[in-house]
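**Q** I have a structure I would like to understand better, so I am pasting it below and will then ask my questions one at a time.
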Amino acid sequence: MAWDEWEQLKTQAQAQAGTGTPAGTQIDQLAPDPGGGAPLPSSTGDLKVSQHDLTEIGSRAHTLYDHLWDRARLDNTSIDSAANDLTAQGFALGAGLTHVSVRWDQQLKSLLDACAQISNHMQVTKKIHAGDEAYIQREMSSIATLDDGFDERVGAPGGKNPVYYPDKTKKKTG
């Protein structure tokens, strides 16, 4: 960009802002949202995704896959026949039709693969996170028991820790 053009843009920005100062110039930035828009990521904290969200994404990807499979596949035999007929009659359109048909199939397969990967990934992610949650709960409950065993404050002062020396007068039920 030429220097003169840059100066002209700065002058226009100052005039539009009505301030006459360079503070009104903004580069590579959107104006602040006056409200109603999504909050900035830095103000919302960590990304949170529920199992319902993962299921919904996987379901939509699977539905898209099914629609593409049912409606977007071409009848290549009739297209190839038409392309060969046009080519035999000397029309360059025959080669173009063959090219478009081949590219359509390639792109459709790529899109179908992407949908299948998204759907499968969401199912696997859901199972992995459910397993992680169960593992964390098990580990946390065993840590609490371990902490009780090492914590001298669990029992009465000077007494034996009930975690290691249970009351034998109580009958076990179960």
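**Q** What does the net charge come to around Cys115 if you take all other residues with beta carbon closer than 14 Å to its beta carbon, with K and R at +1 and D and E at -1?
**A** +1
**Q** Something else now. Around Asp132, what is the net charge, scoring Lys/Arg as +1 and Asp/Glu as -1 over all other residues with Cβ under 13 Å from its Cβ?
**A** +1
**Q** Counting Lys +1, Arg +1, Asp -1, Glu -1, what net charge surrounds His99 among other residues with beta carbon under 14 Å of its beta carbon?
**A** Around His99, the surrounding residues sum to -1.
**Q** How much of the accessible area of the stretch 57-131, in percent, comes from carbon and sulfur atoms when a 1.4 Å probe is used?
**A** Reported share for carbon and sulfur atoms: 60 percent.
The values are calculated or read from the model by the stated rules, or taken from the named source; none is laboratory data. Just so it is clear, the model here is predicted, and its values are computed rather than measured. Virtual Cβ from ideal backbone geometry, glycine too; neighbours counted across all protein chains shown. Side chains included, ligands, DNA and RNA excluded: accessible areas come from the protein's heavy atoms. Shrake-Rupley method; radii C 1.70, N 1.55, O 1.52, S 1.80 Å.
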